[in-house]
Amino acid sequence: MKKTLLIFTIIFSSILFSQAQFKIGIAAGIHQATVIETNDLPGWDSLKGNYSGRTGGHFGFIADLPFSPKSKLSFQPGIIFYSKGRKYFQSFDTSKGPYYRPPSDTSKKLRIINKSGKQFINYIDVPLNIVVKLGNKTKFIIGGGPYLSFFYSGSETSRLITEKGVADLHENEDVPVGKNPGQYKVINYGVNTLAGFEAGRVTLTVNYTRGLNDFYNAINYPGTFKHQTIGGTLAIFIGKPVEFTTEVKDKDSDGIIDKLDKCPEEAGIAKFDGCPDKDNDGIPDKDDMCPLQSGPMANKGCPFPDTDNDGVLDKDDKCPNESGPISNNGCPISDTDKDGIPDRDDKCPEIAGYGRYEGCPIPDSDGDGINNEEDKCPDVIGVKENNGCPAEEIKKEIIEKVNYAARKIQFKFNSAELQSESFKVLDEVVKILKENEALKLSIEGHTSNDGSMEANMKLSKARADNVKNYLQTQGINASRLTAQGFGPNKPINKGTTEQAKSQNRRVEMKLSN
């Protein structure tokens, strides 16, 4: 199956990239293999340091197929044997234990000196890389791509050493394969990158691979297991490159073969039998008097002149030397204040304004420097910071009522849905906002640090949004409300107990003018 995959890749690439030079090389190298494991086991942070990488080797064949004879890009598939896995070693202070009781005599207590193990798995990898080659004789190469990995063989070893010697030894040279707990998956996949140099038939690269799916199912606990390797590879290409050619010729590479192309030396389009139309005016260049300027057939492919470049051709322009709109037959329309409103329609022709005010500026009825469109109190002098309304300090009792309401807001467990008792306190906030129309309200959602950051951010934002939405349904304009979710980023305590965490799960509401 693996051999068939490589042959298919090579044949497909050779058909896809005609005129390319295809070559095959022998590749080998050494690498350091590790396993990236995550799980929820108690004490895992202290245990994972006992795992170390496996120094292994890889060897096999790679192919090199340039995208074109002069291209700097190449497709490099391969079939590579890879040794992967990890080792485990943990030593113990014999003055403190732990102890081992032999199954044959459980009354004995033997101090354990160390535990060790190996998890060695071998694969046939099929990398599918795209590489870039920069330089002339000695080229710098860099690339990467996906890979498929097929299980080849594996072994597991665990050993326990006591003060009396080897007490427990388990070896398995034929590990199980499948999808069940304790089994290794047949197919693994991931990504790999490479960088290095190519000189003649020899390449020397640094390689990195990272698995994207779990290669192993643990028996007694959930976890993820992904391969990772980093190492170096030496490849030597064999023989002369094989050049793939095609019987069908298309000199100008326009997709129309030469025998059907009326302009075989110049790229064109099928509509004109392979001849070009550079200005896309529907007239082939060979019949176009102005091949680089679009024009009608009536003028032999040349454009009619438009001296003032106003979009009105001279033949239709009553003012050919002055720019003007089509609606005015090419003549300019007087607009003294340059506000886009002709003087004939402008009630303020010397002051730039807007069409909705018949060419006049936006009025400012109360003369406070804030125009009526931005002034929420257009007939009362106010300040910009309060949207044109007079500034006033928010009463302390109003702030306290809103803070009390915020503390009484409750949601269903692990949900953004408001509990029914929350509506009563929120109705009090609605009453305050309706009685004080200049006030704005900022709603902030907060969570404890339980769970993932992503989930907490979503939950806190959803809770703040639901409070905002309820206030809107009760007649509060959305422009007066803002909602933000901060997740666990703004705790009011360290959240080390359940009571402290519950205090961090809250909604805060802040008033402003």
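Please specify each residue of the stretch 161-192 satisfying the condition of being surrounded by 15 or more Cβ atoms within 10 Å (Cβ to Cβ), touching a residue at least 40 places away in the same chain (Cβ under 8 Å) and part of a loop (DSSP other than H, G, I, E, B).
The one that is surrounded by 15 or more Cβ atoms within 10 Å (Cβ to Cβ), touching a residue at least 40 places away in the same chain (Cβ under 8 Å) and part of a loop (DSSP other than H, G, I, E, B): VAL175.
Out of the residues in the stretch 420-447 that are assigned to a strand (DSSP E or B) and in contact with a Gly (Cβ under 9 Å, 6 or more places away or on another chain), which is surrounded by the most Cβ atoms within 10 Å (Cβ to Cβ)?
Here the residue is GLY445.
If a residue must be more than 30 Å from GLY144 (Cα to Cα) and among the small types (Gly, Ala, Ser), how many such residues does the stretch 168-193 contain?
Final tally of qualifying residues: 1.
If you check SER116 against the conditions, is it under 40 Å from the mean Cα position of the chain (by Cα), of a type in the set (S, T, N, Q) and either closer than 20 Å to VAL35 by Cα or modelled with pLDDT of 95 or more (or both)? Please lay out each step first, then the result.
Numbers: under 40 Å from the mean Cα position of the chain (by Cα): no; of a type in the set (S, T, N, Q): yes; either closer than 20 Å to VAL35 by Cα or modelled with pLDDT of 95 or more (or both): yes.
Spelling it out, it is not the case that SER116 is under 40 Å from the mean Cα position of the chain (by Cα), of a type in the set (S, T, N, Q) and either closer than 20 Å to VAL35 by Cα or modelled with pLDDT of 95 or more (or both).
Quick grid of which residues meet (1) closer than 25 Å to ASN217 by Cα; (2) under 31 Å from the mean Cα position of the chain (by Cα); (3) without any contact (Cβ under 8 Å) to a residue 24 or more places away in the chain:
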residue: ALA27; (1), (2), (3): no, no, no
residue: VAL35; (1), (2), (3): yes, yes, no
residue: GLY43; (1), (2), (3): yes, no, yes
residue: LYS48; (1), (2), (3): yes, yes, yes
residue: GLY56; (1), (2), (3): yes, no, no
residue: LEU65; (1), (2), (3): no, yes, no
residue: PRO69; (1), (2), (3): no, no, no
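Being at negative phi and touching an Asp or Glu at 6+ places or on another chain (Cβ under 6 Å) is true for just one of ASP279, ASP252. Which residue is that?
ASP252
Looking at the stretch 480-497, can you tell me whether even one residue there is in a helix (DSSP H, G or I) and loosely packed, with under 15 Cβ neighbours inside 10 Å? I'd like the intermediate steps shown before the answer.
Pass one, the stretch 480-497, residues in a helix (DSSP H, G or I): 480.
Filter once more, so that each one left must be loosely packed, with under 15 Cβ neighbours inside 10 Å: none.
Looking for residues that are in a helix (DSSP H, G or I) and loosely packed, with under 15 Cβ neighbours inside 10 Å, one finds none in the stretch 480-497, hence no.
If you take the residues of the stretch 384-419 that are small (Gly, Ala, Ser) and over 40 Å from the mean Cα position of the chain (by Cα), which of them is surrounded by the fewest Cβ atoms within 10 Å (Cβ to Cβ)?
Of all residues in the stretch 384-419, those small (Gly, Ala, Ser) come to 388, 391, 405-406, 415-416.
Now restrict to residues that are over 40 Å from the mean Cα position of the chain (by Cα): 388, 391, 405.
Values: GLY388: 23, ALA391: 11, ALA405: 21.
The residue in question is ALA391.
Give the residues of the stretch 130-152 that are of a type in the set (Val, Ile, Thr) and either touching a helix residue (DSSP H, G or I) at 6+ places or on another chain (Cβ under 7 Å) or at pLDDT 95 or above (or both), sorted by residue number.
Kept after step one, since they are of a type in the set (Val, Ile, Thr), are these residues of the stretch 130-152: 130-132, 138, 141-142.
Those that are of a type in the set (Val, Ile, Thr) and either touching a helix residue (DSSP H, G or I) at 6+ places or on another chain (Cβ under 7 Å) or at pLDDT 95 or above (or both): ILE130, VAL131, VAL132, ILE141, ILE142.
Pick out the one residue from LYS133, LYS96, LYS108 that is closer than 26 Å to GLY196 by Cβ and of a type in the set (Lys, Arg).
From the options LYS133, LYS96, LYS108, the qualifying one is LYS133.
Out of all the residues in the stretch 206-224, is one or more in contact (Cβ under 8 Å) with a residue 24 or more places away in the chain, farther than 20 Å from ILE80 by Cβ, surrounded by 18 or more Cβ atoms within 10 Å (Cβ to Cβ) and under 38 Å from the mean Cα position of the chain (by Cα)?
Yes, the stretch 206-224 has at least one match.
To keep it simple, each residue is scored yes or no on (1) of a type in the set (Val, Ile, Thr); (2) in a loop (DSSP other than H, G, I, E, B).
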position	(1), (2)
PRO264	no, yes
ILE283	yes, yes
SER294	no, yes
ALA298	no, no
LYS315	no, yes
PRO320	no, yes
SER327	no, no
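The values are calculated or read from the model by the stated rules, or taken from the named source; none is laboratory data. A quick note: this is a predicted structure, and the numbers were derived from the prediction, not measured. Here Cβ is always computed from backbone atoms with ideal geometry, including for glycine, and neighbour counts include all displayed protein chains.
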